[in-house]
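Worksheet: the structure to be examined is printed underneath.
The values are calculated or read from the model by the stated rules, or taken from the named source; none is laboratory data. Because the structure is a prediction, the values reported are computed rather than measured. Methodologically, a virtual Cβ is constructed for each residue, glycine included, from the backbone with ideal geometry; neighbour enumeration extends over all protein chains shown.
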Amino acid sequence: MITGAARYVQLSRDLRHLLNGEWVTHILVALSLGSLYYHELHGAIQGMTTWDPWTGTEHEIQSRALSRTLGRMRTAGLVDRTVVRPFPRTVAYSLTPAAIELLDSGRPLVEWAEKHLDLIERMQKARLEQKRRLSGWDDSEPLEDH
């Protein structure tokens, strides 16, 4: 049995894999206020900020990506899927108690990020500069700010 620091590292890695995916956080936040039909969930995610300062690009969630991510989250036990009407098929998604607990547990990390925005912004700028150098962008060309 792994204990101590090694167990902490292992569980941190496991958590990172559980939450891996571009849209996982969006889905958790969108469903945090209650159950949503698929189209409502898709719209809620589209309504969230989709500008990614880490890559310098705008992202929109595609239906296929949403379906695939919801499937992974159901398998992980984070999201419940309820068939509301069999024909025409209407389904609603909601968070499991474990997902609600996960969101509550993550609040201190988000508060830490808010407190240390300077560190995050420093890394975002460094990543965009690296992208600029690797892609051969003209250094005099400003990156689009959002």
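Checking each residue in segment 1-45 for being surrounded by 12 or more Cβ atoms within 10 Å (Cβ to Cβ), within 16 Å of the chain's Cα centre (by Cα) and of a type in the set (S, T, N, Q) picks out Thr25, Ser32. Could you list all residues from segment 83-121 that are part of a helix (DSSP H, G or I), exposed (fewer than 11 other Cβ atoms within 10 Å of the Cβ) and of a type outside the set (A, V, I, L, M, F, W, C)? Within segment 83-121, Pro97, Asp104, Ser105, Arg107, Pro108, Glu111, Glu114, Lys115, Asp118 meet the criteria. For the criterion of being within 17 Å of the chain's Cα centre (by Cα), at negative phi and polar (S, T, N, Q), Thr82 fails. Taking residues in segment 124-135 that are free of Cβ contacts under 8 Å to residues at least 24 places away in the same chain, and partners anywhere that are exposed (fewer than 12 other Cβ atoms within 10 Å of the Cβ), the pairs with Cβ atoms closer than 9 Å and at least 6 places apart or on different chains are Arg132/Asp138; Arg132/Asp139; Arg132/Glu141; Arg133/Asp139.
Looking at segment 4-13, is at least one residue in a helix (DSSP H, G or I), closer than 20 Å to Ile120 by Cβ and either among the aromatic types (Phe, Trp, Tyr) or modelled with pLDDT under 95 (or both)?
Yes; the residues of segment 4-13 include at least one that is in a helix (DSSP H, G or I), closer than 20 Å to Ile120 by Cβ and either among the aromatic types (Phe, Trp, Tyr) or modelled with pLDDT under 95 (or both).
Has segment 123-137 got any residue that is in contact with a Lys or Arg (Cβ under 9 Å, 6 or more places away or on another chain) and farther than 21 Å from Leu15 by Cβ? Within segment 123-137, one or more residues are in contact with a Lys or Arg (Cβ under 9 Å, 6 or more places away or on another chain) and farther than 21 Å from Leu15 by Cβ. For segment 64-82, residues that are surrounded by fewer than 17 Cβ atoms within 10 Å (Cβ to Cβ) and part of a loop (DSSP other than H, G, I, E, B) total 1. The listed residues are Gly21, Gly56, and the only one of them that is touching a Leu at 6+ places or on another chain (Cβ under 8 Å) and modelled with pLDDT under 95 turns out to be Gly56. The C-beta contact set for segment 1-22 (first residue closer than 22 Å to Ala99 by Cβ, second residue basic (Lys, Arg) and not in a loop (DSSP other than H, G, I, E, B), distance under 7 angstrom, 6+ apart or interchain) comprises Gly21/Arg72.
Of the residues making up segment 88-117, those that are among the β-branched types (Val, Ile, Thr) and under 15 Å from Leu33 (Cα atoms) number 2.
The set of residues in segment 46-59 that are assigned to a loop (DSSP other than H, G, I, E, B) and either touching a helix residue (DSSP H, G or I) at 6+ places or on another chain (Cβ under 9 Å) or loosely packed, with under 12 Cβ neighbours inside 10 Å (or both) comprises Met48, Thr49, Thr50, Pro53, Trp54, Thr55, Gly56.
With respect to Leu33, determine if the residue is over 30 Å from Ala126 (Cα atoms) and either small (Gly, Ala, Ser) or in contact (Cβ under 8 Å) with a residue 12 or more places away in the chain (or both). No: the conditions fail for Leu33.
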